[in-house]
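Enquirer: Handing you a structure now.
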């Protein structure tokens, strides 16, 4: 959406379309670019610039917008709060989706307080809620997917420098993005085989159905509604419902696009096995510059790491463990909690910092990423140990 603002309201990250009144003394100047710093604003805008036209849908997320963060806590410390939050979130989403399906008593009133709790958890520990929620994503995909996308979007938004209010709106977009699926036959969502062309057309109506249903709710921001409508658009124009390309897809929508695909790939479904996180990221990276913009994929991988927290891995020494902390500077060298020996038998847990061990006789690397479901392992128990 485009709107006019004053020069004093122009902030780094905004997309400037033009400025000027289109008169002889104050001609219209086309800009069509993001401004990434105050210095760039001063260079592009004359002091007397008036009627600056910006595109709010293309605002970038830049560091410096965030309010002071609350005290950080460890993954282990945040897990109990994350468990309570997961239970409350599941209860809310089930009720909301039932209202969507029936078309009665639809209300988003409880969504904002829930997402605010997501934001608070992510501020205390960036990965605890996202990791726990993902590990608990078993047989209730429809509900858990919306929760996962919401929390992962908040995690990515925090990495991108979003402030608290924007994080809540982004998390709300993630929570509601698939609401329209309740307006299509459930049989299409769980069909084990390929969909027919007519079935695909019906399924592809869900972004618009969600948008139409939520548009009638009070106080839902436009950027949230756009993300609901655009979460299946693709960078190269191959998506739906409108076939938007590149920056025509709003900033919030692009976040949901990436997170939605990642969670779908890494989730167990009735008709497909879950991919380990690292393999899902590898597949998505191959679509970089095609279905996803290069920047969006790069930001996401830097955010969650090449081996995301919760990944079950085999080390070159033969032991098995779970990634408990990523390393942005050395993404292939995270911290791993060793929990099983080479024969998949429990050992006394210990944490290995793969970066700190580099160059020592004890140095190890991640040899393989495994799917814990293949071994019937409860990874949440290992995280809590």
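Enquirer: Along Cα→Cβ, 7 Å out, is where each label goes; now give me the distance between the ones at residue 3 and residue 316 in nm to one decimal.
Expert: 5.4 nm
Enquirer: Please tell me the relative contact order of the chain in percent, rounded to the nearest whole number, where contacts are Cα pairs under 8 Å and at least six residues apart.
Expert: 11 percent
Enquirer: What is region 100-154 by shape, rounded, prolate or oblate, if you read a ≥ b ≥ c off the alpha carbon gyration tensor as root eigenvalues and call it rounded for a/c under 1.5, prolate for a/b larger than b/c, and oblate otherwise?
Expert: Oblate shape, in that a/c is at least 1.5 and b/c is the bigger or equal ratio.
Enquirer: If you stretched the chain out fully between residue 295 and residue 242, how much longer would it get, using 0.36 nm times the residue separation minus the C-alpha to C-alpha distance?
Expert: My answer for the length gained is 16.9 nm.
Enquirer: Between residue 102 and residue 191, what is the label-to-label distance in nm when each label sits 7 Å out along the Cα-to-Cβ direction?
Expert: 2.8 nm
Enquirer: How many angstrom separate the Cα center of region 68-137 from the Cα center of region 309-385?
Expert: Using only Cα atoms to place each centre, the spacing works out to 27 Å.
Enquirer: Let me ask you something else. Which FRET efficiency, nearest 0.05, do residue 28 and residue 165 yield, Cβ-Cβ r, R0 35 Å?
Expert: 0.65
Enquirer: Can you list, largest first and rounded to whole Å, the semi-axes you get for region 312-384 by taking the square root of 5 times each eigenvalue of its Cα gyration tensor?
Expert: Square roots of five times the eigenvalues give 20, 13, 11 Å.
Enquirer: When the helices in the chain are scored as -39500 (n - 2.57) per DSSP H run of 4 or longer and the sum is shared across all residues, what 222 nm value do you end up with, to the nearest 500 deg cm²/dmol?
Expert: Computed ellipticity for the chain at 222 nm equals -13000 deg cm²/dmol.
Enquirer: How are the Cα pair distances of region 225-293 distributed, in percent, across 10 Å bins from 0?
Expert: Spelled out bin by bin, region 225-293 gives 22, 47, 29, 2 percent.
Enquirer: Restricting the calculation to Cα positions, tell me the Rg (one decimal) and the Dmax (whole number) of region 75-177 in Å.
Expert: When restricted to Cα atoms, region 75-177 yields Rg and Dmax of 12.9, 41 Å.
Enquirer: Return an integer: the convex hull volume of the alpha-carbon atoms of the chain, in Å³ per residue.
Expert: So the per-residue hull volume is 156 Å³.
Enquirer: Over region 192-275, what is the mean sequence separation of C-alpha contacts under 8 Å (at least six apart), divided by residue count, expressed as relative contact order in percent?
Expert: 23 percent
Enquirer: May I pose another question? Rounded, prolate or oblate for region 135-286? Axes are the square roots of the Cα gyration tensor eigenvalues, ordered a ≥ b ≥ c, and the cut-off for rounded is a/c under 1.5.
Expert: rounded
All of the numbers you see were taken from the coordinates with simple rules; none came from a lab. Note that the structure is predicted; figures quoted are calculated from it, not measured. So basically every Cβ, Gly included, is an ideal-geometry build from the backbone, and we count neighbours across all protein chains shown.
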